[in-house]
Amino acid sequence: MRIFSIAKGFHYLSKRDWPEITEKERNKLRAVLLLRQTKQPMMVCQLFGISKATLYRWHGSVDLKDPSTLKEKSRRPKKVRKPCWTHKQVLAVRDLRTQYPRWGKDKLALLLLPQGINLSVSTVGRILSYLKRRGELRESPRRTISIKRKTSRPYAVRKPKDYSAVNPGDLVQLDTLDVRPAPGVVLKQFTARDVVSKWDVIEVHHRATSISAKLFMETLKRRMPFQIRAIQVDGGSEFYAEFELACKELNIKLYVLPPKSPKLNGAVERANRTHTEEFYEVTNCPWSVSELNPQLIKWEYTYNCIRPHHSLDHKTPLQFLRDHDIMVNIKPLYKSHMY
């Protein structure tokens, strides 16, 4: 194995102060000098990780007396394709785009056909780019048609990143579910799930308002078998005003999700899917609030006390709570073969 040193000429050239030379250009200079010294192109290519074609191109273009030859030159072809459109076609595209400023090249290409101008969609797109470069086509300013009013939250905050739910009641997620069983029938189901024990509380109301959310808070306080320390909700309007004040009065922490992040409320989102698939889709139930809520209470009992949960190692939420020394006294709403 033969070891070669850096070419002698490189030391002379490197003493000159060429601040404009980059590291890549210095490697190009080293490769050319080493090739001229060793006459072994394969070894130089392996050392610098380049192809033989690149090495010979460098060798033919670099002048050791002229540092400017180390600069990368433009690779633009000397002969480029000239635009194939006419001035009349450019004017037609410009006029149409000015008339319909939000329409793209697909629609404009179709609108040009009645004028006897048959251009491809790509050609129309190139004409639009050409007009923009020349400053003859400017995008129309956007006008705001709705102003989002920012509402201050006097109590709710973002959940801290270091906050983790360890015990039942540390974090209960709340969400609403639209129940639309028939045309013109719309009910709002409030769903609450404890992220640790998977204990659910559900209740239906006519509308999802802050007052109905406050009423659901009272239901939640009665039917949750442990103390609630924190609640997490999305930015829905039903979780403002009265609901927020109720959480403050009960000394329950209220965490609100960032916009467009339902995955952070994934536990209760999954609960809504379960209740839809295992109750609403298989149960013949009345569609009035007064008659539906008693059936939901029975289903809630089945869900919490009879249905095994895969996430709880096939235990029910009731068994999970009793295993954690949380005594739950629930009277069965109907006779079951399991209790």
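The values are calculated or read from the model by the stated rules, or taken from the named source; none is laboratory data. Not measured: the values here are computed from a predicted model. A quick note on method: Cβ atoms are made from the backbone with ideal geometry, for glycine too, and the neighbour counts reach across all protein chains shown.
Please find, within the stretch 153-183, the residue that is farthest from M217 (Cα to Cα) out of those that are without any contact (Cβ under 8 Å) to a residue 12 or more places away in the chain and in a strand (DSSP E or B).
Initially, the stretch 153-183 is screened for residues without any contact (Cβ under 8 Å) to a residue 12 or more places away in the chain, giving 160-162, 164, 178, 180, 183.
Subset that is in a strand (DSSP E or B): 178, 180.
Numbers: D178: 19, R180: 23 Å.
The selected residue is R180.
Filter the stretch 221-241 down to residues that are without any contact (Cβ under 8 Å) to a residue 40 or more places away in the chain and among the basic types (K, R) and give me whichever is surrounded by the most Cβ atoms within 10 Å (Cβ to Cβ).
Among them, the one singled out is K221.
Identify the single condition in (1) surrounded by fewer than 16 Cβ atoms within 10 Å (Cβ to Cβ); (2) closer than 24 Å to V166 by Cβ that E218 does not satisfy, given that it satisfies every other one.
Evaluating E218 over (1) surrounded by fewer than 16 Cβ atoms within 10 Å (Cβ to Cβ); (2) closer than 24 Å to V166 by Cβ leaves (2) as the failure.
Just to check your reading of the model, which residue among E244, E278 is crowded, with 17+ Cβ neighbours inside 10 Å, over 27 Å from the mean Cα position of the chain (by Cα), charged (D, E, K, R) and in the same structural domain as D194 (by TED's automatic domain parsing)?
Result of the check over E244, E278: E244.
Here's a check for you: in the stretch 189-211, which residue that is buried (at least 20 other Cβ atoms within 10 Å of the Cβ) and among the polar types (S, T, N, Q) is farthest from L264 (Cα to Cα)?
In this case the residue turns out to be Q189.
Quick check: anything in the stretch 130-142 without any contact (Cβ under 8 Å) to a residue 24 or more places away in the chain, part of a loop (DSSP other than H, G, I, E, B) and at positive phi?
Yes.
Do you know which of the residues in the stretch 76-99 that are in contact with a Phe, Trp or Tyr (Cβ under 9 Å, 6 or more places away or on another chain) and in a helix (DSSP H, G or I) is surrounded by the most Cβ atoms within 10 Å (Cβ to Cβ)?
Taking the candidates together, the pick is V93.
From the list V196, V186, V201, which residue is out of contact with any helix residue (DSSP H, G or I) (no Cβ under 7 Å at 6 or more places or on another chain) and in a strand (DSSP E or B)?
Numbers: V196 fails: in a strand (DSSP E or B); V201 fails: out of contact with any helix residue (DSSP H, G or I) (no Cβ under 7 Å at 6 or more places or on another chain).
Being out of contact with any helix residue (DSSP H, G or I) (no Cβ under 7 Å at 6 or more places or on another chain) and in a strand (DSSP E or B) holds for just one of V196, V186, V201, which is V186.
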